[in-house]
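**Q** Sharing a structure, written as structure tokens. Questions coming.
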Amino acid sequence: MELFYDIKKIRSQFPALDRKVNGNVAIYLDGPGGTQVPKRVTDKMTNYLLYHNANAHGHFASSRECDALHEAARETMADFLNGYPQEIVFGDSSTTNNLKLTLALARKMKPGDEVIITDLDHESNRSPWLHMQEKGIIVKSIAVDPETCQLDLKDYRNKLTEKTKVVALNWASNGVGTITDIKPLIELAHEKNAITIIDAVHYAPHRPIDVDALGMDFLLCSPYKFFGPHMGVMYGKLDVMKNLETFRVLVDGNTQPPEKMETGTPQFEAICGAAEAVEFIADIGHDCEEWAIKERSDEMIGLKGRRKYIVAGLLAIEEYEDHLAQKMRRELAAIDGVKIYGPLEGQPRTSTISFLIEGLRAGEVAKKMGDEGIFVWAGHYYAKQLIDEVLNLKSVGGLVRIGFAPYNTEEEVNRTIEVVRKIALKE
């Protein structure tokens, strides 16, 4: 694995990985809640604040520099998603971006219009539309098979009607790692002239994204899930955004996308950090380019410039993380009393693993692991409908979630298995 993937070089860029807890070197398996940040990202943010800090569109040097950094970041994020810079919207978080988008779309809807969400989603892609029921909008949710954690596609087709105006889908489940083949679902929605919103927050750190190839109308992701600061990024089709009436400070009525989707002064330092996080991924791709061209040639055809390196980097991350996750699932499944939840083996999934130990609440397991210096999450992770209702795990406090990032190692897998085994056997 390390023949193409330089784990030592990658780990050396993350100061947090030197931390110790109760004498043990910390193992960060909390990536689905937010990854650690390479020093180059914080350096970029600090550089902006120290040397280029200004508001936008001024007639002086630091303001012009701020504008240039802002536009460069849009270009970088456009390369990340394979869109155009004017289709990239920056905001406080994906939840905030989605709330603003929901409000704008709902202005054109009337009582009786329908929206489809899913039982697999994070609440940030469900709750905004559930709130719109107050306006008489009908919200339908696609069922999930509790055994496989896959969307019920027959249920989706049955719920999709001529009255459907919006379809909000999850690409990868932050709760159990399910990856949904969203392209045919987008195409079915577009046959009904429905607008499609894709929550890619959990997908973006693990796989390349091509908004042009998939054709969704909107896509949401969060840089703090892929080595950047806390903020949100949204892709929106230009013609769709142009037709929206958005909520913003009214200076004039001629504001065009992407600015019309943004409110207030942007978080310029965070935007700089988000762009640098993408450059970090591209640098992994630069180092792994030869491997990617040889082993994943179909996905590399025709790619140029920064986009080529971003895709190569994410393909390398996918390969490396999946290797760790397969070993973790195999070893966990062999421990008496441990049950893994999520897709069946062979079904598409991210490197996120959710499990329970018989006789213990999720929070108890996470605390015991945390005391050993292994950082994992417990609960519903805001995939509340999935975990509390579909899987019926509210009484045990949800699930324990392990999530891999590019800086994790096989040694960390071995240590984690050792600790889980000790907890399960009550040693």
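**Q** Take the alpha carbon gyration tensor of the range 1-124, find the square roots of its eigenvalues, order them as a ≥ b ≥ c, and report rounded if a/c is under 1.5; if not, report prolate when a/b exceeds b/c, else oblate.
**A** Cα axes put the range 1-124 in the oblate bin.
**Q** Could you compute the longest span of the chain free of trypsin sites (Lys or Arg not before Pro) located in DSSP loops and having at most 15 other Cβ atoms within 10 Å, not counting the site residues?
**A** 305-425
**Q** Using 0.36 nm times the number of residues separating residue 19 and residue 47, minus their current alpha carbon distance, what extension gain do you get?
**A** 7.6 nm
**Q** Once you have the Kirkwood Rh of the range 270-427 from its Cα pairs, apply Stokes-Einstein at 37 °C and 0.692 mPa s and quote D in µm²/s.
**A** The Stokes-Einstein estimate is 189 µm²/s.
**Q** Let me ask something additional. Calculate, in nm to one decimal, what residue 293 and residue 108 gain on full extension: separation in residues at 0.36 nm each, minus their alpha carbon distance.
**A** The residue 293-residue 108 span can extend by a further 62.0 nm.
**Q** Report relative contact order for the range 42-274 in percent, whole number only (criteria: Cα-Cα under 8 Å, sequence separation at least 6).
**A** Result for the range 42-274 is 26 percent.
**Q** Along Cα→Cβ, 7 Å out, is where each label goes; now give me the distance between the ones at residue 6 and residue 65 in nm to one decimal.
**A** With each label placed 7 Å out from Cα toward Cβ, I get 3.0 nm.
**Q** Right, another one. Calculate the dipole size of the range 42-274 relative to its Cα centre from +1 charges on Lys and Arg beta carbons and -1 charges on Asp and Glu beta carbons; express the result in debye to the nearest 20.
**A** With Lys and Arg at +1 and Asp and Glu at -1, about 540 debye.
**Q** Would you please name the GluC sites (Glu not before Pro) within the range 97-165 that are DSSP coil residues with at most 12 other C-beta atoms within 10 Å of their C-beta?
**A** 147, 162
**Q** Between the DSSP loop rule and a limit of at most 14 other Cβ atoms within 10 Å, which chymotrypsin sites (Phe, Trp or Tyr not before Pro) in the range 1-101 are left?
**A** Those satisfying the criteria are 60.
**Q** Could you tell me what % of all Cα pairs in the range 139-216 have separations over 18 Å?
**A** The proportion of pairs with Cα distances above 18 Å equals 39 percent.
**Q** Something else: Let me know the Kirkwood hydrodynamic radius for the chain, please, with Cα pairs as the basis and the value in Å to one decimal.
**A** 22.4
**Q** About its Cα centre, how strong a charge dipole does the range 215-372 have in debye, to the nearest 20, once Lys and Arg get +1 and Asp and Glu get -1 at the Cβ?
**A** The calculated dipole for the range 215-372 is roughly 320 debye.
**Q** By DSSP, what percent of the beta bridges with both residues in the range 109-190 are antiparallel, rounded to the nearest 5?
**A** 25
**Q** Which aspartates and glutamates, if any, have their Cα less than 14 Å from the Cα of residue 426, not counting same-chain residues under 8 positions apart?
**A** Cα-Cα hits under 14 Å: 336, 358, 364, 418.
**Q** When only DSSP loop residues count, what GluC sites (Glu not before Pro) in the range 343-376 have their Cβ near at most 12 other Cβ atoms within 10 Å?
**A** Hits after loop and neighbour filter: 345, 358.
**Q** Continuing with this model, one more query. Just grab the label-to-label distance for residue 212 and residue 255, each label 7 Å out from Cα along the Cβ direction, in nm (one decimal).
**A** If labels sit at residue 212 and residue 255, their model points lie 2.9 nm apart.
**Q** To the nearest 0.05, how large is the calculated FRET efficiency for residue 130 and residue 336 if R₀ is 45 Å and r is the Cβ-Cβ distance?
**A** Between residue 130 and residue 336 the formula returns 0.65.
**Q** Here's another thing I want to ask about it. Specify, per residue and in Å³, the volume enclosed by the convex hull of the alpha carbon atoms belonging to the range 250-342.
**A** Expressed per residue, the convex hull around the Cα atoms of the range 250-342 is 207 Å³.
**Q** Starting from the Cα gyration tensor of the range 42-274, multiply each eigenvalue by 5, take the square root, and state the resulting semi-axes largest first in whole Å.
**A** Taking √(5λ) for each Cα gyration eigenvalue gives 32, 20, 14 Å.
**Q** Do you know the relative contact order of the range 2-102, to the nearest whole percent, from alpha carbon pairs under 8 angstrom that are 6+ apart?
**A** 12
**Q** For the chain, what does the helix formula give at 222 nm: sum of -39500 (n - 2.57) over DSSP H segments with n ≥ 4, over the residue count, nearest 500 deg cm²/dmol?
**A** One gets -12500 deg cm²/dmol as the mean residue ellipticity at 222 nm.
Values in this text are rule-based calculations from the coordinates and carry no lab data. No experiment lies behind these values; they were computed from the predicted model shown. For neighbour counting, all protein chains shown are included, and Cβ atoms are generated from backbone atoms with ideal geometry for every residue, glycine included.
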